[in-house]
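Below is one structure, written out as structure tokens, with a few remarks after it.
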Amino acid sequence: MSERRRQFRAKIRANPTLDLAYRITVAVVGLIVLGLGILAIPYPGPGWLIVFAGLGILASEFTWAHRLLKFARKHYDRFMEWFSHQSVFVKGLGVLLTTAVVLVTLWLLGTFSLIGGWFGLDWSWLSSPL
């Protein structure tokens, strides 16, 4: 942690009300980022990066989050190391699972019905059940 940040944090810590407000703000922002990351995990893109960012925000103020961040990074790295040594079949299953999650999400959000409507396709199965 930089000296400037330490001084800033010490000033905040000196005022109990301000310290509580700061910690609550960090908790809310960190939990929102963490939640968005968890939602993004099954989709292509930076889901895990967002999770680690959320945990990093929380870890700046909370010891439990720092421990959880270390635990999650260790197990993520172990899984990715394991996955990288798997056969093409297992990697292909990973791609198929990711594709299925994306397609189901698009269907549930009504995307297929919307796009089908552009082309005059009124098939009932394109409509979202939601």
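Values computed for the structure shown
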{"item": "Those residues of the range 72-84 which are without any contact (Cβ under 8 Å) to a residue 12 or more places away in the chain and closer than 16 Å to Ala53 by Cβ, in sequence order", "result": "none"}
{"item": "Matching residues, the range 56-72, being under 16 Å from Tyr22 (Cα atoms) and over 17 Å from the mean Cα position of the chain (by Cα)", "result": "Ser60, Glu61, Phe62, Thr63"}
{"item": "Flag for Phe79 being modelled with pLDDT of 95 or more and aromatic (Phe, Trp, Tyr)", "result": "no"}
{"item": "Selected residue (only one of Val88, Val101 is in contact (Cβ under 8 Å) with a residue 12 or more places away in the chain, over 30 Å from Thr25 (Cα atoms) and among the β-branched types (Val, Ile, Thr))", "result": "Val101"}
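The values are calculated or read from the model by the stated rules, or taken from the named source; none is laboratory data. What you are looking at is a predicted structure, and each value in this text was computed from that prediction instead of being measured. Quick reminder, even Gly has a Cβ in these numbers, built from the backbone with ideal geometry, and neighbours come from all protein chains shown.
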